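Contents: one structure, followed by commentary.
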Amino acid sequence: ENIVVKDLAEKLNLNVSQVITKLIGMGVMATQNQSIDGETAAIIAEKFGAAVEFIPVETNDVSEDNFGLDFVDKDEDLKLRPPVVTVMGHVDHGKTSLLDAIRQTSVTKSEAGGITQHIGASVANINNKKIVFLDTPGHEAFTSMRARGAQVTDIAILVVAADDGVMPQTIEAINHAKAANVPIIVAINKIDKPTANIDRIKQELVENGLIPEDWGGNTITVPVSAKQKIGIDDLLEMILLVAEIGELKANPNRRAVGTIVEAQLDKGKGPLATVLVQKGTLKVGDMVVSGTSSGRIRAMLDDKGKRVKKAGPSIPVMILGLSEVPNAGDLLYCVEDEKTARNIADKRRDKIREEQMKLSSKVSLDDLFEKIKMGEIKDLNIIIKADVRGSIEALVQSLNKLDTEEVRINIIHEGVGGITESDIMLASASNAIVIGFNVRPNLNAIDVAKKENVDIRTYRIIYEAIEDIQNAVKGMHAPKI
Ligand code: GDP
């Protein structure tokens with residue numbers, strides 16, 4: 001079980017910075033709002049002389065991020081589900097054309113003539129089997145979803161133009177798929193072109209770690225022409241084969257959980273969102289919540305624009321009835337009733353507000369004096385990093401003289417060396433500013449500082465550092481430009 005660092009500190013009756021310092025000592029980098037695993041928490045607790053007892057999490061614990069809405073299904077309840085496919089590759093290699101060609105060849109007779117509705121995903125029917133395609137080609141969509149913790153893709157189709165070869169975005173796509181642990185099928189496109197050279201493409205694939213099956217490796221490659229509709233059926237068959245090997249399963253008989261793949265505001269219909277159902281079956285009339293948006297599903301449309309009453313695992317549907325436009329990549333949960341949905345949405349809204357408040361309440365030299373005046377700050381916590389010990393000592397001595405009646409100056413940590421991520425985490429946890437003397441923050445530290453809103457100041461002259469802080473304390477600080 002995981003526990004948020006701040007909560008652990010509270011339970012142990014400790015200052016959060018004490019816990020973070022111990023964590024850093026163990027090589028674990030975590031901010032106060034991040035969670036650590038139970039084992040680590042137990043070690044920390046022991047270090048502070050406390051015993052730890054593991055209590056199973058109650059499923060309706062509202063402090064959990066998913067509010068106990070999700071649970072693990074039993075193996076025997078799992079049924080096969082269609083694969084969800086993303087098409088990736090270099091610009092102009094034919095991703096959009098390939099998706100179009102697939103749509104055209106896989107329309108059943110009853111669907112022919114219908115107008116496909118753009119809902120961000122489409123379903124192809126091949127010999128009574130379904131394949132779901134995410135319609136936003138490219139790895140940006142894939143990655144931005146993944147960055148939000150949503151993994152909806154089962155198989156990646158890597159499109160490589162046979163007349164052009166492996167290009168920078170091809171390599172990026174390979175890396176993204178690999179990072180997500182998603183199997184890759186290579187579609188070697190534009191084989192109708194006279195300059196097409198399939199062997200050269202395969203050679204380039206080998207150079208990038210993808211060894212084609214017919215060359216003794218395990219990467220499936222399919223020569224296709226999106227334009228001339230050559231090889232499309234082969235590609236679809238290969239997708240089904242890879243899906244079969246992957247044994248993709250989900251429980252269709254439970255309350256639905258899905259991921260928002262696209263959302264927008266329609267002037268007439270209100271918020272519209274495409275949900276890719278991942279578990280369970282989503283039905284018209286269901287009460288749902290996604291992020292801070294909630295509502296009862298008034299209507300659902302499939303990718304052909306047809307009204308449907310329900311959608312099972314892997315099936316994308318556009319839903320109407322949400323209170324606000326949700327974020328792509330957010331999970332959507334079906335819940336018992338309206339009260340539960342509203343409650344969860346409200347709690348999340350409060351949490352976001354609280355986090356924003358916390359960010360804006362972080363100390364910085366620019367508004368220090370304001371905060372001292374308002375009585376918001378009585379201590380100025382400082383972390384000092386410098387190139388040599390002598391500078392630290394000089395700084396500490398001078399800074400200690402700056403104590404006033406209104407504000408006490410506490411050096412909570414100092415050390416020789418550059419400003420690192422762990423310095424920033426400590427600063428964030430203890431609401432401190434970081435002073436670097438003849439040292440700079442590394443890139444990680446800069447990133448974390450931005451996210452955590454930690455003020456870093458670097459100086460080359462001791463006097464300037466002292467003067468800056470003195471001025472800030474006295475309200476004479478000129479804001480940093
Ligand atoms: P995307 O940027 O990867 O989505 O590429 P597009 O699908 O927009 O295709 C880029 C260009 O390549 C367009 O002019 C297409 O008509 C052309 N194209 C795509 N597939 C083929 C193909 O199989 N053969 C030929 N000759 N041209 C193709």
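The values are calculated or read from the model by the stated rules, or taken from the named source; none is laboratory data. Note that the structure is predicted; figures quoted are calculated from it, not measured. Every residue, glycine among them, receives a Cβ derived from its backbone with ideal geometry; neighbour counts consider all protein chains shown. Only protein heavy atoms, including side chains, enter the accessible area calculation; ligands, DNA and RNA are left aside. Shrake-Rupley method; radii C 1.70, N 1.55, O 1.52, S 1.80 Å.
Restrict the check to the stretch 381-396 and report whether at least one residue is touching a helix residue (DSSP H, G or I) at 6+ places or on another chain (Cβ under 7 Å), β-branched (Val, Ile, Thr) and modelled with pLDDT under 85. Within the stretch 381-396 (the criterion being touching a helix residue (DSSP H, G or I) at 6+ places or on another chain (Cβ under 7 Å), β-branched (Val, Ile, Thr) and modelled with pLDDT under 85), the answer is no, since none of the residues qualifies.
Among the residues of the stretch 215-235, write down those that are in contact (Cβ under 8 Å) with a residue 12 or more places away in the chain, more than 16 Å from the ligand (Cβ to nearest atom) and more than 20 Å from Val84 (Cα to Cα). Let's see the steps before the verdict.
In the first step, residues of the stretch 215-235 are kept if they are in contact (Cβ under 8 Å) with a residue 12 or more places away in the chain; the result is 215, 219-235.
Next, from what is left, pick out any that are more than 16 Å from the ligand (Cβ to nearest atom): 215, 219-220.
Trp215 - this is the single residue of the stretch 215-235 that is in contact (Cβ under 8 Å) with a residue 12 or more places away in the chain, more than 16 Å from the ligand (Cβ to nearest atom) and more than 20 Å from Val84 (Cα to Cα).
What are the pairs, 6+ residues apart or on separate chains, where a residue within the stretch 180-198 that is farther than 17 Å from Ile220 by Cβ has its Cβ under 6 Å from a residue that is outside any loop (DSSP other than H, G, I, E, B) and open to solvent by 60 Å² or more (accessible area, probe 1.4 Å)? Hits for this filter: Ala180/Arg146.
This table checks each residue for (1) closer than 18 Å to Thr21 by Cα; (2) surrounded by fewer than 19 Cβ atoms within 10 Å (Cβ to Cβ); (3) of a type in the set (Val, Ile, Thr).
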residue: Leu402; (1), (2), (3): no, yes, no
residue: Ile411; (1), (2), (3): yes, yes, yes
residue: Ser422; (1), (2), (3): yes, no, no
residue: Ala432; (1), (2), (3): yes, no, no
residue: Gly436; (1), (2), (3): no, no, no
residue: Pro441; (1), (2), (3): no, no, no
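For Glu244, the criteria (1) assigned to a strand (DSSP E or B); (2) closer than 25 Å to Asp77 by Cβ hold in every case but one, which is (1).
The set of residues in the stretch 155-191 that are part of a loop (DSSP other than H, G, I, E, B), within 22 Å of Ser314 (Cβ to Cβ) and within 10 Å of the ligand (Cβ to nearest atom) is empty.
If you go through the stretch 192-214 and keep only what is open to solvent by less than 50 Å² (accessible area, probe 1.4 Å) and within 16 Å of the ligand (Cβ to nearest atom), you end up with Ala196, Ile201. Within the stretch 88-105, residues that are touching a residue at least 40 places away in the same chain (Cβ under 8 Å) and of a type in the set (A, V, I, L, M) reach partners that are near the ligand (Cβ under 7 Å from one of its atoms) and open to solvent by less than 10 Å² (accessible area, probe 1.4 Å) with beta carbons closer than 6 Å, at six or more positions or on different chains, in the pairs Leu98/Val159; Leu98/Ala226; Ala101/Ala226. For the stretch 281-310, a residue qualifies if it is in contact (Cβ under 8 Å) with a residue 40 or more places away in the chain, small (Gly, Ala, Ser) and under 17 Å from Ile119 (Cα atoms), and exactly one does: Gly305. Residue check: Lys269 meets all listed conditions (1) crowded, with 18+ Cβ neighbours inside 10 Å; (2) in contact (Cβ under 8 Å) with a residue 40 or more places away in the chain but one, namely (1). Exactly one residue out of Lys358, Lys362 is outside any loop (DSSP other than H, G, I, E, B) and under 32 Å from the mean Cα position of the chain (by Cα): that is Lys358. The number of residues in the stretch 457-476 that are farther than 25 Å from Asn442 by Cα, buried (at least 16 other Cβ atoms within 10 Å of the Cβ) and over 38 Å from the mean Cα position of the chain (by Cα) comes to 2. Right, Val335: open to solvent by less than 80 Å² (accessible area, probe 1.4 Å) and more than 30 Å from Val123 (Cα to Cα) or not? For Val335, the condition - open to solvent by less than 80 Å² (accessible area, probe 1.4 Å) and more than 30 Å from Val123 (Cα to Cα) - is not met. In this structure, does Gly305 turn out to be in contact with a Ser or Thr (Cβ under 9 Å, 6 or more places away or on another chain), within 19 Å of Ser122 (Cβ to Cβ) and not basic (Lys, Arg)? So Gly305 fits the description; yes.
With a cut-off of at least 1 residues that are modelled with pLDDT of 80 or more and small (Gly, Ala, Ser), name the strands (runs of 3 or more DSSP E) lying wholly within the stretch 1-120. Write out each step before concluding.
Details: elements: 2-4, 35-37, 84-89.
So the answer is 35-37, 84-89.
Within the stretch 150-191, the set of residues being under 25 Å from Leu241 (Cβ atoms), surrounded by fewer than 21 Cβ atoms within 10 Å (Cβ to Cβ) and of a type in the set (D, E, K, R) comprises just one member, Lys178.
Counting only strands (runs of 3 or more DSSP E) that sit wholly inside the stretch 380-481, those with at least 1 residues that are touching a Ser or Thr at 6+ places or on another chain (Cβ under 6 Å) and more than 25 Å from Glu355 (Cβ to Cβ) are 432-437. Regarding the stretch 250-266, can at least one residue be identified that is crowded, with 18+ Cβ neighbours inside 10 Å, over 27 Å from Ala124 (Cα atoms) and among the acidic types (Asp, Glu)? Scanning the stretch 250-266, I find no residue that is crowded, with 18+ Cβ neighbours inside 10 Å, over 27 Å from Ala124 (Cα atoms) and among the acidic types (Asp, Glu), so the answer is no.
Hey, can you tell me all the residues within the stretch 403-424 that are more than 19 Å from Ala472 (Cβ to Cβ) and at pLDDT below 85? Within the stretch 403-424, Ser422 is the sole residue that qualifies.
Against the conditions (1) within 14 Å of the ligand (Cβ to nearest atom); (2) crowded, with 18+ Cβ neighbours inside 10 Å, where does Met238 fall short? Just the number, please. Against the list (1) within 14 Å of the ligand (Cβ to nearest atom); (2) crowded, with 18+ Cβ neighbours inside 10 Å, Met238 comes up short only on (1).
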